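> Quick one: the structure is below, and I'll ask about it shortly.
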């Protein structure tokens, strides 16, 4: 199994590992998922930039389009985000609908979903069922692609347009973190508008309270980070502070 | 045998070689896979155990992506090519016709 200290080696052997994927998928379809389990674990651990090599587009099509959709198809999409197209997203959404709700699968699904939602061509192919995975609130890694691209104003608008308070709340709780800044000011404006308009009514005070608590937590973490970094600030000879 | 012949062309031309259109008979596929496995092991040793040529790794990818799957011997050779690139030692036990990979 891939661990943190293996990352360099995994990266240097990413093409060899990717070559095994079609065979691993074939084995999984035949009821032997161990190899695919190991490969997905390795891919997640290394973030596998090698999958973005042109010749591996075929693997994406192979793994998502062949056979019945399974929980593995739901996870595999995360590895090929750059190659997702309309047909593949439809296939992925079908796989997600039958996948069991586990923490690991939820991480993959939400990461891929936020990427898909940022693309206006792919967005119509997401379903309400796919969005409901947000409510499982998986613990995304601090610097995941989904967490970063998920703050794009298009995504904020897309989630608001669902008019589902639980999904919207889960989305905001997932995205607000001390790790990733918002995409730009229009994202912030959209979120502020959402707080005013979507969480301003009667009967959803507990949602508002949860969001405020999350914001307080993130701000405390940011304050703590600033205090830690300020301890390393030293005055220069000219009197201007330099970090 | 067009695929085997391409190994004789200059290196820069191999960079653009694609296996996508290569649809051999099962017999030819087995022969090419076995030859490429031996070549991969030779090249791997010569490169001081660093890498198998990309062309051969792409052959393995192409073969393992075929549907229906190629003959078992081709699958075994392709997996051995990948195992070679990963630095595993492959022990062939002729008596049982099995191959074991030592990691």
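The values are calculated or read from the model by the stated rules, or taken from the named source; none is laboratory data. Here the structure is a predicted model, which means the values were calculated and not measured. Note that we place each Cβ from the backbone using ideal geometry, even for glycine, and neighbour counts take in every protein chain shown.
> Looking only at residues in region B:64-74 that are part of a helix (DSSP H, G or I) and more than 9 Å from the chain's Cα centre (by Cα), which one is farthest from the other protein chains (Cβ to nearest Cβ)?
Residue satisfying both the conditions and the ranking: B:73.
> Within region B:24-55, restricting attention to residues that are within 10 Å of chain A (Cβ to nearest Cβ) and either free of Cβ contacts under 8 Å to residues at least 24 places away in the same chain or not in a loop (DSSP other than H, G, I, E, B) (or both), which residue is farthest from the chain's Cα centre (by Cα)?
This residue is B:50.
> Counting just the residues of region A:76-99 that are under 17 Å from residue A:110 (Cβ atoms) and in a loop (DSSP other than H, G, I, E, B), which one comes out modelled with the highest pLDDT?
Looking at the filtered set, the residue picked out is A:99.
> Could you tell me whether any residue of region A:174-181 is assigned to a helix (DSSP H, G or I), on the phi < 0 side of the Ramachandran plot and modelled with pLDDT of 85 or more?
yes
> May I pose another question? Pick from region B:78-100 the residues that are touching a helix residue (DSSP H, G or I) at 6+ places or on another chain (Cβ under 7 Å), closer than 11 Å to residue B:41 by Cβ and modelled with pLDDT of 85 or more: which of them is surrounded by the most Cβ atoms within 10 Å (Cβ to Cβ)?
Among those that are touching a helix residue (DSSP H, G or I) at 6+ places or on another chain (Cβ under 7 Å), closer than 11 Å to residue B:41 by Cβ and modelled with pLDDT of 85 or more, it is B:81.
> Are any residues in region B:32-56 within 22 Å of residue B:69 (Cα to Cα) and surrounded by fewer than 17 Cβ atoms within 10 Å (Cβ to Cβ), and if so, which ones?
Across region B:32-56, the qualifying residues are B:34, B:35, B:38, B:54.
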